[in-house]
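*Asks:* My questions all concern the structure below.
The values are calculated or read from the model by the stated rules, or taken from the named source; none is laboratory data. Model, not experiment: these values are computed from the prediction. We place every Cβ from the backbone using ideal geometry, glycine too, and count neighbours over all the protein chains shown.
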Amino acid sequence: MPEPYVPPASGVELAETESIASAVPRSHLSFRDLLSEATVALTARPARTLLTALGTILGVAALVATLGLAKTAGNQIVSRFDELEATSVIVRPPQDRGQDPRGQNQQQVSSIPWDAGDRLQRLNGVVAAGTKSDVSVGNALARSVPLIDPLGQSEFQIPVIAVSPGLFGAVRTELATGRVFDDGHNQRGDNVAVLGPGAARRLNVTRVDNSPAIFIGDTTLAVVGIIEDVAREPELLNAIIIPDGFARQRFALEAPAEVQVEVQIGAAELIGGQAAVALSPNDPTQLRVSLPPSPRQVRSSVESDVNALFLVLGGVSLLVGAIGIANVTLVSVLERTGEIGLRRALGATRRHVAAQFLFESAALGALAGLLGTSLGILTVVAVSANREWTPVLDAWLPFVAPVIGAAIGLLAGTYPAWKASATEPIAALRATG
Amino acid sequence: MANAAGPAPVVELERVARVFPGTPPVEALKATDLVIHEGDYIAIVGPSGSGKSTLLHILGLLDQPSAGIYRIDGIDTQELGERERAGVRSARIGFVFQSFHLLNHRSTIENVMLAEIYRPGSRAKRRDRAIEALEQVGLGHRLTSFPTTLSGGERQRVAVARALVGEPSLLLADEPTGNLDSGTSAQILDLFDDLHAEGLTLAVITHDGDVSARAKRQVRIRDGVVTPVTAGAEHA
Ligand SMILES: Nc1ncnc2c1ncn2[C@@H]1O[C@H](COP(=O)(O)OP(=O)(O)OP(=O)(O)O)[C@@H](O)[C@H]1O
Ligand SMILES: [Mg+2]
């Protein structure tokens, strides 16, 4: 029943606009109704909703997966060379004097002492340390048979490297057979050798039970062990490795060329400083100390490289997804012209119509974001499982991705919503439906 | 009806005209005076293109007159903003269209409940009011059916129920039986008779003589000019 109408003139004290406002109902759309309208619209045709959202689902999934995989892979790369590099410190003598062949008989000997490995071993944080030097053997060739076979090649140019026993630990030596030489061998200057796998193959030495002899020129060496692998200083793999002590006596090695130190994780910086002092107390700054790169730097550079590339890919797929939503929403605005007219007749304002379509596309986007995030995380987990990686994901990602989806839906819905709100109710009602 | 001190006017048109701009401009509705009182049942008849829908759109606040004054329940519609016009539409006017305009993916009751979402007020009783309206049109047993499973006459009755929710001041129907056969048309017209008997104010646009014959008052419209058919007092 119509309410009794009070003419504006009778509201003496009220401004005219106020009296009209009090007499006239204002159109109103509650958030709950907006929400339920959007829900009904999206769930009425679930297959269509899903197809509309597909582009955005894939886009968000791609984004989440690439971010997650970049993080996971970056972490993986870092943890690999972290572990090896972060625990390696190398000390070398000053460049000019070490490399000047005419300075051989001068002060240079004092740069790195022969007992460098033992001295560093005493430092807290050092796991193992040993010296390592290339030995010059002139043109002498290595062979494993005393007599030269004129038919087959049995003599080879094989590098000879002198080490202190501690070096085997410092490069994480794995033995294939036999053993490495010890301090006793070194101090006595015994003519023993350990072969890298490459050298052993060329010299055709496979067993060391009887300490088989090899020859470098006219020098005889007893092979006590064969290496399987080393984690550092891979040139050892192709070399004949002899004790420092023997190299000094037989090949006139003047001084160690470097000290390889394996330190505990996190101790590199500290040991770097202490090592120079321990080895050259009078002139520590003369020694060159190589420290591993800071792990943090490595990580961030790897991540940003990978991320930049994949983010572009994810962004492109999101754009495609947004166009998909915009496209279908626009089509549905045209399809639902009759509904728009009806809603206007039922009291919707232009804003209400726009809000409804915006809300629908935003909800669609959020839904797509949610599904895409799940899909992306599944991908990260699946790839990680396949590669035996540890999946790593930024904690904010699963929360931000649906928001990104909603934002995309909102953006994509803007033009269709505007189009819907601009539809004249009369024209819309003329449409059947 | 001849008595000026009778029921309050629901609709008052004073020299209302509608010109569609163009070359040449179309004068779809020429200066029209029309009063519809509370409880009236008026039929607007006229040939195609005569301006029936134009008049109905103005009455329904879906369109604005180019000239003249339109008051509904005494409210001068010229002074209203978009939100108030929409509010009046929602609260005081019920529409029934030739093509029903039901949402196919919603059940009967949801279609009827849609009438109230743009109104301020409680959601709590919305369902009850929708059920009541559907019972009023004789569809209390089809609450959860979908429009696609209903006959044309049933669909139009759902649309009438939607127009009735919240007790509008005026029910506007544009060719309500245009898509129905004569049997189902009669059902809708019977329903209109009942609603009229209960005191509802109705304005029905039609080509159909059977439809207009049911109304208590008829106005004829030709080339945008409105003239009363049944003798009755018109208050300017
Ligand atoms: N938006 C518009 N722009 C221009 N002319 C219009 C517009 N809407 C209606 N007209 C014209 O106004 C006149 C009246 O149209 P209206 O729709 O009111 O006719 P009607 O009586 O409802 O006809 P029908 O019975 O065919 O529905 C017609 O000549 C029509 O062409
Ligand atoms: Mg018409």
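Matching residues to (1) at pLDDT 90 or above; (2) surrounded by 14 or more Cβ atoms within 10 Å (Cβ to Cβ); (3) of a type in the set (S, T, N, Q):
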{"position": "A:127", "(1), (2), (3)": "yes, yes, no"}
{"position": "A:131", "(1), (2), (3)": "yes, yes, yes"}
{"position": "A:140", "(1), (2), (3)": "no, yes, no"}
{"position": "A:144", "(1), (2), (3)": "no, yes, yes"}
{"position": "A:156", "(1), (2), (3)": "no, no, no"}
{"position": "A:161", "(1), (2), (3)": "yes, yes, no"}
{"position": "A:166", "(1), (2), (3)": "yes, yes, no"}
{"position": "A:172", "(1), (2), (3)": "yes, yes, no"}
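*Asks:* Here's another thing I want to ask about it. Restricting the search to the stretch B:173-188, which residues are within 16 Å of ligand 2 (Cβ to nearest atom) and surrounded by 18 or more Cβ atoms within 10 Å (Cβ to Cβ)?
*Replies:* B:173, B:174, B:175, B:176, B:177
*Asks:* Okay, moving on. Based on what the data block shows, is residue B:63 within 12 Å of chain A (Cβ to nearest Cβ), under 19 Å from residue A:348 (Cβ atoms) and not polar (S, T, N, Q)?
*Replies:* yes
*Asks:* Considering only strands (runs of 3 or more DSSP E) fully contained in the stretch B:153-236, which possess at least 1 residues that are touching a Pro at 6+ places or on another chain (Cβ under 9 Å) and farther than 27 Å from residue B:26 by Cα? Quick ask: steps written out before the conclusion?
*Replies:* Details: elements: B:170-174, B:202-206, B:217-222, B:225-228.
By residue number, B:170-174, B:217-222.
*Asks:* Kindly check whether there is at least one residue in the stretch A:57-66 that is assigned by TED's automatic domain parsing to the domain that holds residue A:407, modelled with pLDDT under 85, under 40 Å from the mean Cα position of the chain (by Cα) and not aliphatic (A, V, I, L, M).
*Replies:* Scanning the stretch A:57-66 turns up at least one residue that is assigned by TED's automatic domain parsing to the domain that holds residue A:407, modelled with pLDDT under 85, under 40 Å from the mean Cα position of the chain (by Cα) and not aliphatic (A, V, I, L, M).
*Asks:* Could I ask something else about it? Output the number of the condition that residue B:107 fails; it satisfies all remaining conditions of (1) within 28 Å of residue B:207 (Cβ to Cβ); (2) in contact (Cβ under 8 Å) with a residue 24 or more places away in the chain; (3) not aliphatic (A, V, I, L, M).
*Replies:* (1)
*Asks:* Within the stretch B:196-208, can you find the residues that are in contact (Cβ under 8 Å) with a residue 40 or more places away in the chain and either buried (at least 21 other Cβ atoms within 10 Å of the Cβ) or away from ligand 2 (no atom under 16 Å from the Cβ) (or both)?
*Replies:* Selection gives B:196, B:199, B:200, B:201, B:202, B:203, B:204, B:205, B:206.
*Asks:* Please give the number of the condition residue A:334 fails out of (1) surrounded by fewer than 16 Cβ atoms within 10 Å (Cβ to Cβ); (2) within 14 Å of chain B (Cβ to nearest Cβ).
*Replies:* Among (1) surrounded by fewer than 16 Cβ atoms within 10 Å (Cβ to Cβ); (2) within 14 Å of chain B (Cβ to nearest Cβ), residue A:334 violates only (2).
*Asks:* Restricting the first residue to the stretch B:6-30 and requiring it to be away from chain A (no Cβ under 14 Å) and farther than 17 Å from residue B:61 by Cα, which pairs with a second residue that is within 16 Å of ligand 1 (Cβ to nearest atom) and in a loop (DSSP other than H, G, I, E, B) meet a Cβ separation below 7 Å and a spacing of at least six or different chains?
*Replies:* B:27/B:224; B:30/B:224
*Asks:* In addition: Of all residues in the stretch A:376-433, how many are within 16 Å of ligand 1 (Cβ to nearest atom) and part of a helix (DSSP H, G or I)?
*Replies:* Here the count works out to 6.
*Asks:* I've got another one for you. Checking residue A:346 against (1) within 14 Å of chain B (Cβ to nearest Cβ); (2) in contact (Cβ under 8 Å) with a residue 60 or more places away in the chain, which test does it fail?
*Replies:* It is condition (2) that residue A:346 fails.
*Asks:* Sticking with this structure for a sec: Of the conditions (1) in a helix (DSSP H, G or I); (2) touching a Pro at 6+ places or on another chain (Cβ under 7 Å), residue B:110 satisfies every one except a single condition; which number is it?
*Replies:* (2)
*Asks:* If you don't mind, there's one more thing I want to ask. Got at least one residue in the stretch B:62-79 being within 11 Å of ligand 1 (Cβ to nearest atom) and touching a residue at least 40 places away in the same chain (Cβ under 8 Å)? So that I can check it myself, show each step before the final result.
*Replies:* To start, the set of residues in the stretch B:62-79 that are within 11 Å of ligand 1 (Cβ to nearest atom) comprises B:63.
Remaining after also requiring touching a residue at least 40 places away in the same chain (Cβ under 8 Å): B:63.
Looking through the stretch B:62-79, at least one residue is within 11 Å of ligand 1 (Cβ to nearest atom) and touching a residue at least 40 places away in the same chain (Cβ under 8 Å).
*Asks:* Scan B:50, B:107 and give me the residue that is within 16 Å of ligand 2 (Cβ to nearest atom), polar (S, T, N, Q) and more than 9 Å from chain A (Cβ to nearest Cβ).
*Replies:* B:50
*Asks:* Of the conditions (1) surrounded by 24 or more Cβ atoms within 10 Å (Cβ to Cβ); (2) in contact with a Pro (Cβ under 9 Å, 6 or more places away or on another chain); (3) in a helix (DSSP H, G or I), residue A:347 fails just one. Which one is it?
*Replies:* Just one mismatch for residue A:347, condition (3).
*Asks:* Tell me whether the stretch A:360-375 contains one or more residues that are within 14 Å of chain B (Cβ to nearest Cβ), touching a residue at least 12 places away in the same chain (Cβ under 8 Å) and either buried (at least 24 other Cβ atoms within 10 Å of the Cβ) or out of contact with any strand residue (DSSP E or B) (no Cβ under 7 Å at 6 or more places or on another chain) (or both).
*Replies:* yes
*Asks:* Restricting to the stretch B:31-53, name every residue that is free of Cβ contacts under 8 Å to residues at least 60 places away in the same chain and within 10 Å of ligand 1 (Cβ to nearest atom).
*Replies:* Passing the criteria: only B:49.
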